[in-house]
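See structure below.
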Amino acid sequence: MHGKKIRRAGGTTAALAALLLTWAVAPSAAADTPSSPPVRFQVTATTQWGDQVFAVGSVPALGSWDPSHAVPLDAHGYPVWAAEASIPSDSPVEYKYLVKKTDGTLTWEEGANRLMQPRSGAPVTTRDTFRVTPDTPASGIAPTCITWSETWRYTPVFNGCGHTYGLQVLYRDGSSSTCRQVAAGATATFAGYGPYENRPVAVNHC
């Protein structure tokens, strides 16, 4: 009888110890997770009364391409719509804008998905224009046919879009390069991230 009680007490003690160990480990694991920097989406979009603009994209914070879970933007600065979302850092993120009409129909902006790569601890602000045609000039974050790589010295940017684009690199600290015309199929070389790790977050269609 007493032996059974001792075994139960031992089992309870082991379970409590395991729970305390979980609590002790959890904070350090969380500390190793890269922070999700806030991205402030700003897009200039001309709409009709009652329309709503959304940002939707490839990560759960942007609805995973599901319009019903997209991020609604507010129109307090109309025609600039804006909202913030916490986006996973250091991984490429694709996104687009869409307009939901009062009757529930959806109008997606034209052109390829936009591409950015937020950095840990570095907030990003987009300055986009809702694309009513695929090649809307100076429309903000460039589409996925614009790709780049990075080294401490150079940031090569390749234009795979099929026509000339004005391009500039946006960096982690909020600065940007000059705007350069890059022909279809050509690569332009911009400054790298340097000794201070000022890495690119996106390329802008300028």
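Determine, yes or no, whether Val93 is touching a strand residue (DSSP E or B) at 6+ places or on another chain (Cβ under 6 Å), open to solvent by less than 40 Å² (accessible area, probe 1.4 Å) and more than 22 Å from Cys179 (Cβ to Cβ).
Here the answer is yes, as Val93 does meet what is asked.
Scan segment 117-126 and tell me whether some residue there is in contact with a Phe, Trp or Tyr (Cβ under 6 Å, 6 or more places away or on another chain) and either outside any strand (DSSP E or B) or not hydrophobic (A, V, I, L, M, F, W, C) (or both).
yes
If the requirement is being loosely packed, with under 10 Cβ neighbours inside 10 Å and at pLDDT 95 or above, which of these qualifies: Gly77, Gly50?
Criteria check complete, one pass: Gly50.
Given the options Ala122, Ala85, name the one that is open to solvent by less than 40 Å² (accessible area, probe 1.4 Å), touching a strand residue (DSSP E or B) at 6+ places or on another chain (Cβ under 8 Å) and within 21 Å of Glu197 (Cα to Cα).
The match here is Ala122.
Within the set of pairs 6 or more residues apart or between chains, which connect a residue that is over 18 Å from Val124 (Cα atoms) inside segment 158-175 to a residue that is part of a loop (DSSP other than H, G, I, E, B) and aliphatic (A, V, I, L, M) with Cβ atoms less than 6 Å apart?
Filtered contacts from segment 158-175: Asn159/Ala184; Asn159/Ala186; Gly162/Ala184; His163/Ala184; Thr164/Ala183.
With respect to Ser64, is the statement that it is modelled with pLDDT under 95, open to solvent by 10 Å² or more (accessible area, probe 1.4 Å) and small (Gly, Ala, Ser) true?
Answer is no for this residue.
Looking at segment 186-200, which of its residues are within 10 Å of Asp173 (Cα to Cα) and in contact with a Ser or Thr (Cβ under 8 Å, 6 or more places away or on another chain)?
Asn198, Pro200
When the residues of segment 99-116 are filtered to those that are crowded, with 20+ Cβ neighbours inside 10 Å and assigned to a loop (DSSP other than H, G, I, E, B), which remaining residue is modelled with the lowest pLDDT?
Gly111
Identify the single condition in (1) over 18 Å from the mean Cα position of the chain (by Cα); (2) open to solvent by 50 Å² or more (accessible area, probe 1.4 Å); (3) touching a residue at least 12 places away in the same chain (Cβ under 8 Å); (4) closer than 30 Å to Gln48 by Cα that Arg127 does not satisfy, given that it satisfies every other one.
Status for Arg127: all satisfied but (1).
Across segment 130-169, which residue is surrounded by the most Cβ atoms within 10 Å (Cβ to Cβ) among those that are outside any loop (DSSP other than H, G, I, E, B) and of a type in the set (Val, Ile, Thr)?
Out of the qualifying residues, it is Val157.
The values are calculated or read from the model by the stated rules, or taken from the named source; none is laboratory data. Note that this is a predicted model, so its numbers are computed, not measured. So basically every Cβ, Gly included, is an ideal-geometry build from the backbone, and we count neighbours across all protein chains shown. Keep in mind that these areas ignore ligands, DNA and RNA; they rest on the heavy atoms of the full protein, side chains included. Shrake-Rupley method; radii C 1.70, N 1.55, O 1.52, S 1.80 Å.
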